[in-house]
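What follows is one structure encoded as structure tokens, with my remarks underneath.
No lab work stands behind these numbers, since they all come straight from the coordinates. Small disclaimer: the values here were computed from a predicted structure and weren't measured. Neighbour counts are summed over all protein chains in view; Cβ atoms, including those assigned to glycine, are modelled from backbone coordinates with ideal geometry.
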Amino acid sequence: MTMIRVALACIVLGVLACAQDPADLRQQIDAHNRRAQEYVRANRPDLAAKEYAAIVALAPDDADAQGNLGVLLFFKGDYAQAAPHLQSALKLHPDLPKLDALLGLSLRRIGKPAEARVSLERALPQVQDDKLRRTVGLELIELYYTAGDLDKAAAVVGALRRWLPADPEVLYTAHRLYSDLSGETMLRLAMLAPNSARLHQVIARELARQGNREAAIARYKQALQVDPNTPGLHFDLGAASRTVCSPPRSSRPPRQ
């Protein structure tokens with residue numbers, strides 16, 4: 001028994017001897033941090049990442065090191081390695097929308113759309129940087145679009161248009177989405193109410209938009225036969241009729 005106690009005591013003493021002094025650990029972390037910041041200023045993100053990785057190895061609960069390492073790996077394009085570090089940082093500090101946004105983008109790029117959607121949905125209302133907000137919004141729209149959830153995609157497009165009203169990519173995405181949504185709703189209306197006045201009215205509006213006024217008027221009249229009390233129908237027919245009846249403007253210059 002005495003020999004066992006001695007052996008156990010030696011093991012305990014050995015563990016204690018190997019345990020790092022907190023002050024020494026802090027000095028090592030600070031040194032790595034200083035070097036990392038120097039490398040960032042020198043535009044050497046690869047070396048900065050190594051310093052932050054060293055800090056994470058010494059102190060896995062260092063949220064700044066986890067977050068900084070995740071960000072550097074993200075912009076390096078190493079999304080699979082970036083994601084766990086971003087997740088670790090967010091577990092320690094959940095109120096970091098930029099990290100949440102980068103996490104969502106990383107997860108999308110490594111083929112985890114469901115998890116990506118959660119992070120992007122959480123980040124979008126809180127991100128203030130226009131460039132990042134635009135990227136997050138467009139990625140989220142694509143996720144909704146792929147899943148066939150056009151209503152949610154349209155809600156995000158509406159928010160992006162309020163935030164970035166002059167952005168060409170946002171406007172293009174809105175046009176594409178609203179066109180698809182229009183087609184989808186017309187198809188659903190045709191399936192649910194194939195003989196309704198509203199379906200004839202929708203088709204008439206599309207014909208009028210394409211410039212086929214005579215066919216549009218015929219459709220409006222069909223709609224009136226189905227239900228003459230449909231709100232807005234008489235107005236649409238009148239507008240289409242006025243366009244057809246209006247004489248073309250002369251291209252000849254007025255006589256002097």
- Message: Tell me whether segment 129-140 contains one or more residues that are hydroxyl-bearing (Ser, Thr, Tyr), over 30 Å from Leu237 (Cα atoms) and touching a residue at least 12 places away in the same chain (Cβ under 8 Å).
- Response: yes
- Query: Which of the residues spanning segment 105-135 are over 10 Å from the mean Cα position of the chain (by Cα) and among the polar types (S, T, N, Q)?
  - Reply: Ser106, Gln126, Gln128
- Message: So Gln128 passes all but one of these: (1) surrounded by fewer than 16 Cβ atoms within 10 Å (Cβ to Cβ); (2) in a helix (DSSP H, G or I). Which condition number does it fail?
- Response: (2)
- Message: I need the full set of residues from segment 183-196 which are surrounded by 13 or more Cβ atoms within 10 Å (Cβ to Cβ) and polar (S, T, N, Q), in order please.
- Response: Ser196
- Note on the structure: Every listed condition ((1) more than 25 Å from Gly158 (Cα to Cα); (2) assigned to a helix (DSSP H, G or I); (3) charged (D, E, K, R)) holds for Glu115 save (1)
- Message: Quick check on His32: is it under 26 Å from the mean Cα position of the chain (by Cα) and either closer than 28 Å to Arg108 by Cβ or in a helix (DSSP H, G or I) (or both)?
- Response: no
- Note on the structure: Residue hits (segment 161-216; among the basic types (Lys, Arg), within 30 Å of Glu139 (Cα to Cα) and free of Cβ contacts under 8 Å to residues at least 12 places away in the same chain) are Arg162, Arg176, Arg188
- Item | Residue in segment 82-99 that is nearest to Leu132 (Cα to Cα), counting only those that are surrounded by 17 or more Cβ atoms within 10 Å (Cβ to Cβ) and free of Cβ contacts under 8 Å to residues at least 24 places away in the same chain | Leu86
- Go through the residues of segment 136-156 one by one and say whether even a single one is assigned to a helix (DSSP H, G or I), more than 13 Å from the chain's Cα centre (by Cα) and of a type outside the set (Phe, Trp, Tyr). yes
